[in-house]
Structure formats: structure tokens, C-alpha cells
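The values are calculated or read from the model by the stated rules, or taken from the named source; none is laboratory data. This is a predicted model, so every value here is computed, not measured. A quick note on method: Cβ atoms are made from the backbone with ideal geometry, for glycine too, and the neighbour counts reach across all protein chains shown.
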Amino acid sequence: MQVLLAGTHKFLLLELDPDFVANIAKQAGFEYRIEESQRSMCLYLSAVDRQAPLLLFDAADPGNLGWFSRCQFYVDGKTGAVLQTPMSLANQKDRSGRTLPGSVRLQITKELPASFRLPGKQAVTEQMVYAVLYNLLNALLTTGVGVCGGSIVKPLAGRTESIGTRN
């Protein structure tokens, strides 16, 4: 990890190891593709052997209350930000534009303000980001991740259909 100074601003530059991140994705049970840039690392994740969709659900729907009470991660549905982490999540789509139920795109930001803290007010380090990544990937497969509001990130599990008017 490096500390960058830009005038009066201080940033942390995470030096994430792509091989280590790939190993985490493999251990969690995902097939992956990694694209790395100077400011972020993007993972295209697919759970191909999984019959059910990934456990990304609408946290506001009362029908998903059981999922909501078990989850430890929440995604802002308007921006895709995984709350209190340096990550953002997005749906993947097939060629016809339909959301793929077993695939997501996860972006890890490498450049963070020095004041950024993980849950529990923990300072950010590469090891902490690896631990959060592993826990998030496991949550997508076992305990669930809640989508809060918005229409950008679509839920994949639970009650996903909107209830319209009946004639």
C-alpha cells in the first residue's frame, strides 16, 4: 500500500495482487475474468455449476425478510456501491439484454481517500480488502446480499418480480 499526496488531499493506493484475487474467486466457487487498470480491478464472476441464481435480493420487499435478516452486505441499487467497502457490484447481461442470474461484475477501487474506513472503523489494507472480498463472494452464494433501492442493480433471487395492477 502506498500513500499519495495531491495538494492537500491524501489517498491510499492499494496494491492488489491479481493472482491472489483470482485464488479467492476460485476458492469461493466462481469462474472469473480479471481486468486491471491503474485505479481499479474488475472481476467478471460466474457461478456456472450453480443451479439457483446468486443470492442478490431486493432488501425492501417484505417477502424477502428472511434473507434480509441474514445478510451482512448491502448494495446501493442506484450506484452499485457495496456499502462500507471499496467495491461496487453490477449485473451481467446476455446478448439479448437479459440479466444473467449466475453472474455479476465486481469492481474494486484501488485509490481511496485516507479517511476511508471499513466496517468497525478498521483501516484499509490489502489483507482487509481480500478478507472482505472473500466474505462478499461467499455471501453471494450462501447468506445473501441485499439491494437497497434504485433500479440500476437488479435483484437475482427472492421475490424479484414487481406486482402490477390486476384486471
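A few comments on the model shown:
- Whichever residue in the stretch 153-167 is surrounded by 15 or more Cβ atoms within 10 Å (Cβ to Cβ) and of a type outside the set (S, T, N, Q) and, among such residues, is modelled with the lowest pLDDT: GLY158
- Any hit, the stretch 47-60, residues being assigned to a strand (DSSP E or B), within 12 Å of ALA157 (Cβ to Cβ) and of a type in the set (D, E, K, R): yes
- Scanning the stretch 1-35 for residues that are in contact (Cβ under 8 Å) with a residue 40 or more places away in the chain and within 20 Å of ASN138 (Cβ to Cβ) yields a count of 10.
- Once the stretch 2-47 is narrowed to residues that are acidic (Asp, Glu) and exposed (fewer than 11 other Cβ atoms within 10 Å of the Cβ), the residue that is nearest to GLN127 (Cα to Cα) is GLU15.
- Qualifying residue in the stretch 36-43 (condition: within 22 Å of ASN91 (Cβ to Cβ) and free of Cβ contacts under 8 Å to residues at least 60 places away in the same chain): yes
- Criterion applied to GLN72, GLN107, GLN84 was being surrounded by fewer than 17 Cβ atoms within 10 Å (Cβ to Cβ) and at pLDDT 90 or above, and the one residue passing it is GLN84.
- In the stretch 48-61, residue farthest from ALA114 (Cα to Cα) [restricted to those that are among the small types (Gly, Ala, Ser) and surrounded by fewer than 16 Cβ atoms within 10 Å (Cβ to Cβ)]: ALA52
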